[in-house]
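Below is one structure, written out as structure tokens, with a few remarks after it.
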Amino acid sequence: MQDISDEKLARMEKKIFLARPQLKKIKKDYGDLSYFEYSKRKNRLNPNKNLRTRKTEAVSVIKNEVQRLLGTAVASSVERQLKDNDSVSTAEHSAPISTPDMLNSALHSTVGMFGSDKPHLQNLIILSCSGVSFSNTLSFSRGFLYHFFTKGHINNNQLTFFGRANDAKTVFNAPPYTINNIIDMKNRLESLGREGHLEQKEVDKLRLMLDNIYSVPHPLTATDYGDQLTITNYFFWKSLFSSYKRHVPDYIMLSQEKIVLKLLINYHLQQDTIIHRLLFNPDFHPLIEKYFEGITGAFTKDHSYGTFLFWGISKDNHRIQLFRKGNQLISKDRTYSVALEPNAITGAIQNKELIPGLMLTFILLSFYYGLLLGGGASQPTYLTAMKKAYIAMLQELKETTAIEDCSKTPTDDFVFFRPHLAFIEAYEQSIDATGLDMYLYSDPSFLKSIIEATKSISVADFMTLLLPVLYKQFCPADQKEDDLTQITRMDIQKYLGLDKKIPPISSLSS
């Protein structure tokens, strides 16, 4: 364990807060709350009542998407929730509930929902980024990560639907896995069992999971991998808490890009809204470039990062940067172009040539419809910057009504998208649990213990646990201090005594 002091933690925190000032505000506003209370308090309505009528458009599209994939009863529950709760998560990428980050994000968001009888606390609604590539390490969209524990050794392993050839492709619009992929996964499991890398009981349990969740007609008849993720994550999440006898919130993961495209087609491409003008009025375009340049999720003037309003999608499902030239969106190599004109954009969307960039996605979901978007450590900063840029642009265009509509929308909802709540004690080590680890190894009583733990741990303490990863991610390289970079999350967990409060989901010994 590294030598830790309050002074060292304060030094780390100061440098992080300089780079991510919204995190400082979150700690100031909510730090004294228990995490359990904070989790519940995040589920709320947008304070701007003027958006309630407009929000029915977004609710209708979300409801229809849930109904298409998960049925009428689940869709009705989502609709009821969104009437009294504008909070959704945008922290996740479209992927199985696989990595420790994906699993813990869901647990952090739902600890206040388990056992609830309130309509606005029935579902974890996730509008995930499906424009992410299969190679993204935070989400591991290709399949599942898990650990194998044997004879005092801890081994990392994978169970995947697709090979590495998909790495550079986007999850959006990716073809579905097939029954042949499932057969390959089962054959892989049998090989791991024969080689002694899995116990037979674990092989049998994973085969049962593949049979009951992934091999049934419901996901196998889906038209793309994103739809399969919505369906299978819903049922996999239920399987993780099958022993919990009270209400288990439903896990509803939808593609934010699909939702935005349907909203654009239904309500904006052919109708005069502020979003229509942003897309097609040439007075807006130079101001978008003026105010959004350099913001994470937008673009840079030198075209080294981001895209203007939309990404292009190639026939082999690679993402293409697009930038404005006059009234056209053009790729860098000039092999693709589309006019910024309603019929042209409508046709390109219907031909699956375009997906919205993050800037357009968040303007529509947050600033126009007023949804409260919960994101990871960076999102409160760049979403706040986007809102400031959006309002500055509207002020220059004298769009006063649109300014009033978005001015009260919060942009600091924070999802703890790092492992805090689910870990396995094995051979005197603490291992961040994956979704498959929880399925294979968790003690049936762990959930109740974790929920109770969040009632006695403050938001400030959980934010302190994040300091090592945030310090490495956000502190400039020339300002990093060696004694601080060596501090780990587990060091802080022991220093704060949280290792005594948060129970492992399973304990294994040699």
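The values are calculated or read from the model by the stated rules, or taken from the named source; none is laboratory data. Since we're looking at a predicted model, the values are computed, not measured. Ideal geometry is used to build each Cβ from the backbone, glycine not excepted, and the neighbour counts take in all protein chains shown. We work out accessible area using only protein heavy atoms, side chains counted, and drop any ligands, DNA or RNA first. Shrake-Rupley method; radii C 1.70, N 1.55, O 1.52, S 1.80 Å.
In the stretch 355-439, which helices (runs of 4 or more DSSP H) lie fully inside it and hold 2 or more residues that are in contact with a Ser or Thr (Cβ under 9 Å, 6 or more places away or on another chain) and surrounded by 23 or more Cβ atoms within 10 Å (Cβ to Cβ)?
Values: elements: 358-362, 379-397, 400-406.
In the stretch 355-439, 358-362, 379-397 are the helices (runs of 4 or more DSSP H) which contain 2 or more residues that are in contact with a Ser or Thr (Cβ under 9 Å, 6 or more places away or on another chain) and surrounded by 23 or more Cβ atoms within 10 Å (Cβ to Cβ).
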Test Asp227 against the criterion of being at pLDDT 95 or above, of a type in the set (Asp, Glu) and open to solvent by 10 Å² or more (accessible area, probe 1.4 Å), and give yes or no.
-> no
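Would you check if there is a residue in the stretch 108-120 being open to solvent by less than 30 Å² (accessible area, probe 1.4 Å), in contact (Cβ under 8 Å) with a residue 40 or more places away in the chain, outside any strand (DSSP E or B) and among the aliphatic types (A, V, I, L, M)?
Within the stretch 108-120, the subset open to solvent by less than 30 Å² (accessible area, probe 1.4 Å) is 108-116.
Among the residues that remain, those that are also in contact (Cβ under 8 Å) with a residue 40 or more places away in the chain are: 108-116.
From what is left, the residues that are outside any strand (DSSP E or B) are 108-116.
Among the residues that remain, those that are also among the aliphatic types (A, V, I, L, M) are: 111, 113.
Yes, the stretch 108-120 contains at least one residue that is open to solvent by less than 30 Å² (accessible area, probe 1.4 Å), in contact (Cβ under 8 Å) with a residue 40 or more places away in the chain, outside any strand (DSSP E or B) and among the aliphatic types (A, V, I, L, M).
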Scanning the stretch 301-326 for residues that are farther than 21 Å from Ala174 by Cα, open to solvent by 30 Å² or more (accessible area, probe 1.4 Å) and touching a strand residue (DSSP E or B) at 6+ places or on another chain (Cβ under 6 Å) gives Lys301, His303
When Ala95 is run through (1) surrounded by fewer than 19 Cβ atoms within 10 Å (Cβ to Cβ); (2) outside any helix (DSSP H, G or I), the failure sits at (1)
Residue that is least open to solvent (accessible area, probe 1.4 Å) [pool: residues in the stretch 341-354 that are more than 20 Å from Lys325 (Cα to Cα) and of a type in the set (S, T, N, Q)] = Asn351
Long-range neighbours under 8 Å by Cβ, at least six apart or interchain, first residue within 28 Å of Cys129 (Cβ to Cβ) and open to solvent by 60 Å² or more (accessible area, probe 1.4 Å) within the stretch 169-197, second modelled with pLDDT of 95 or more and of a type in the set (Asp, Glu) | Pro175/Asp224
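For (1) free of Cβ contacts under 8 Å to residues at least 40 places away in the same chain; (2) among the aromatic types (Phe, Trp, Tyr); (3) in a strand (DSSP E or B); (4) within 30 Å of Leu229 (Cα to Cα), each residue gets a yes or a no:
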residue	(1), (2), (3), (4)
Gly312	no, no, yes, yes
Lys315	yes, no, no, yes
Arg324	yes, no, yes, no
Leu329	yes, no, yes, no
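When only residues in the stretch 47-91 that are of a type in the set (Asp, Glu) and either at positive phi or part of a helix (DSSP H, G or I) (or both) count, which is modelled with the lowest pLDDT?
Of the residues in the stretch 47-91, the ones of a type in the set (Asp, Glu) are 57, 65, 79, 84, 86.
Still in the running and either at positive phi or part of a helix (DSSP H, G or I) (or both): 57, 65, 79, 84.
Working: Glu57: 97, Glu65: 98, Glu79: 98, Asp84: 94.
Going through the qualifying residues, I end up with Asp84.
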Hey, Leu208 assigned to a helix (DSSP H, G or I) and open to solvent by less than 40 Å² (accessible area, probe 1.4 Å) or not = no
